[in-house]
Amino acid sequence: MDLLHASLSTILTVPLLAQQTAFLLDGATGILLGVVISCLLIATGAGQILRRQPDSSVNPAIVQAFIRRVRAWWLMTAILAVTFTIPSPVATVILFFLISFWALREFITLTPTRLGDHRTLFWVFFVLTPAQYVLVAMGQSQYELFSILIPVYGFLFIAARIAVAGDYKRFLERIAKIQAGLYICVYSLSYAPALLYLTDWTDPEYSTKSTAGLLFYFLLVAQLSDLLHFVCSRLLGKNVIAPNINASRTWEGFFAGTGVTAVVGAMLSLTGATPFNPWQSAVMSIVIAVMGAAGSMAMSAIKRDRGVQDYGTLVEGHAGVLDRIDAICFAAPVFFHLTRYYFTTAGG
């Protein structure tokens, strides 16, 4: 824990992070938050009604899974709402740093390492991970370094550090496991809070607004698509995508869930929390849904390979942190780069 505190201190003491920015929850983001809370209230009520009707045609297992996911949404919404009211995006960056730290811990726990890897893992957890989020919090001025720190310098360092330890047994396998965990849990996820620092060079009006709405929109669509893929697969599914990987995901559920996500995404654009018009928001929602589904399948494959059902038990009744953010991890980099491209060349 002392090392974790040291990592947090590193983030907080970087001089550039001391600069306070106007980051109070703006009107458009507030509207989006109000819509989400209203939907959660309706979903909570619907879940309780279905649970109290034992003769309902809906499978009780689906109802329980739905209720658990709604509870997770309440927690996510509450935490984000609190961090968004703090007049600096650093609070949100720290939140995602902690999520990355715990998710990486879950990942490494499922991928046994040898004694010679422990010092490498020290560098991964307490140097590379906080350094990535420090660069994120420095804003777009450090975009070039932020985008290559882990996949270039970090990966090369991991290979060299394990080699120096002198243990060559399963060398490639050990390198790949650590690199995969760092890439998915830290590098990919860090693109989510990086959305807070994007600047719209093509729309001066939007560039003066808070980008909290953009991050909230992304997280909402990513989690919604994951829920819709699950529910639609249970209700409509017949053809399983990959039976040996995830028997609960079907092609019917994938297409139906993605379609509904696109419609909801188009409607969310009307809140003004994002710079996208309805059709652009629908396209972005499809991209998020597709990448989120890919993330869920890939992370399920890792769990099957390790012979476990879930990555952890931190979230009571709903598996581990990594089980909840797998879709976000895969969708965040793609959404970030598409949005950055939109802001720099394709917008307006």
### Query
Looking at TYR153, TYR187, which one is more than 12 Å from ASP117 (Cβ to Cβ), of a type outside the set (Asp, Glu) and in contact (Cβ under 8 Å) with a residue 24 or more places away in the chain?
TYR187
### Query
For ALA319, are the conditions met, namely being modelled with pLDDT of 90 or more and surrounded by fewer than 21 Cβ atoms within 10 Å (Cβ to Cβ)?
no
### Query
Just wondering, is there one or more residues in segment 84-101 that are at pLDDT below 95, touching a Gly at 6+ places or on another chain (Cβ under 7 Å) and in a helix (DSSP H, G or I)?
no
#### Entry: Residues satisfying the stated conditions in segment 116-127, i.e. buried (at least 21 other Cβ atoms within 10 Å of the Cβ) and farther than 16 Å from ASP167 by Cβ
VAL124
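Every residue, every condition in (1) within 21 Å of PHE218 (Cβ to Cβ); (2) in contact with a helix residue (DSSP H, G or I) (Cβ under 7 Å, 6 or more places away or on another chain), yes or no:
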position	(1), (2)
ARG234	no, yes
ASN239	no, yes
ALA242	no, yes
ALA247	no, no
PHE255	no, no
THR274	yes, yes
GLN280	yes, no
### Summary
For helices (runs of 4 or more DSSP H) lying entirely in segment 179-282, having 3 or more residues that are over 17 Å from PHE335 (Cα atoms), touching a Leu at 6+ places or on another chain (Cβ under 9 Å) and at pLDDT 95 or above picks out 251-268
### Message
Restricting to segment 156-175, give me the number of residues that are without any contact (Cβ under 8 Å) to a residue 24 or more places away in the chain and among the charged types (D, E, K, R).
### Response
1
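The values are calculated or read from the model by the stated rules, or taken from the named source; none is laboratory data. Treat the numbers as computed from the prediction; the structure is a model and nothing was measured. All Cβ positions, even for glycine, are placed from backbone atoms using ideal geometry, and neighbour counts span all protein chains on display.
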